[in-house]
Each structure stands twice: as structure tokens, then as C-alpha cells.
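Reading through the C-alpha cells given below for one structure.
Readers should treat all values here as calculations from the given coordinates under stated rules, not as data from a laboratory. Please read these numbers as outputs of a predicted model, since none were measured by experiment. Backbone-built Cβ (ideal geometry, glycine too); neighbour counts: all protein chains shown.
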Amino acid sequence: MNNSFGEYGSLLKQAQRLQSEIDQAREQLKQTTVEGVAGGGAVRVTVTGDRMLTKVEIAPEIMLKPDRTLLEDLVLAAVRDGLTKAAKLSEETMGRITGGVQLPGLF
């Protein structure tokens, strides 16, 4: 009976260590940024590793041509690019911790 309790204790310690590593990685992702770009750099967005949009930059020359549809499309494309890069960063970061196993609710 004591032997099996020792195994549970070891599993508990491993789970606690994994949770600590996950928490550290999440904090690191909050501090890490990626850039999404569209229109050859005419629109740039900054997204954190935890997928929060923090900045939108629009080149002045785009504003000289008042084409609302074009601007909307460029912003959307830049945001999608940034979010895709942030998702990839998050998956890579968490994958290093979990050995590539995707755990529900982790990403």
C-alpha cells in the first residue's frame, strides 16, 4: 500500500512541475510579440504570444488614397497574419513542455 502511495506522490510532483512550467510559458507568451504584415508592410499589427492585439500601424501613404475597402482588407489580413504567427508561437512553446502532446485547454 505504501509503495502505491509513493507512486501517486511522484505523479503529483510531476504534475505540479508541469503546471509550473506551463504557467511560466504562459507568462513568457504574454511578454513576447509577433508582427503581422499586409500590403507589403503598409499595415502592421503587433500581437502578443497569448493572442492579444496590442498595436496597429498604417503607413501614411495608404491614408492618402481613401479606399475604405482596401484599408479594411489590409487590416484584416495583417491581423490574421499576426494571430496565425502568435498561435504557432504558442503551440511551439507549449509543445516543448508537453512533448508535442496537445492537452485540452492548454493552447
- request: Sort 82-89, 22-29, 42-49 for me by packing, meaning the mean count of neighbouring Cβ atoms within 10 Å per residue, highest on top.
  value: 42-49, 82-89, 22-29
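Could you list MET63, MET94 so that the one with the fewest beta carbons within 10 Å of its beta carbon is first and the one with the most is last? Walk me through the intermediate numbers first.
Details: MET63 10, MET94 20.
By the 10 Å Cβ count, ascending, the order reads MET63, MET94.
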message: Can you compute 3J(HN,Hα) from phi for each residue in segment 26-40, using the Karplus curve 6.51 cos²θ - 1.76 cosθ + 1.60 with θ = phi - 60°, rounded to whole Hz and x for Gly and Pro?
response: 4, 5, 4, 5, 5, 8, 8, 10, 10, 10, x, 9, 8, x, x
task: Could you pull out every residue, at least 5 positions away or on a different chain, whose amide H is within less than 5 Å of the one on THR32? Hs are placed 1.01 Å off N in the peptide plane, and Pro or chain starts have none.
output: GLY49
message: Can you compute the helix-only [θ] at 222 nm over the chain? Use -39500 (n - 2.57) per DSSP H run of at least 4 residues, normalise by all residues, nearest 500 deg cm²/dmol.
response: -21500 deg cm²/dmol
P(r), alpha carbons of segment 2-98 - 5 Å bins starting at zero, rounded %: 2, 14, 17, 14, 11, 9, 8, 6, 5, 4, 3, 2, 2, 1, 0, 0
Relative contact order (%) - criterion: Cα under 8 Å, at least six apart; region: segment 2-98: 29 percent
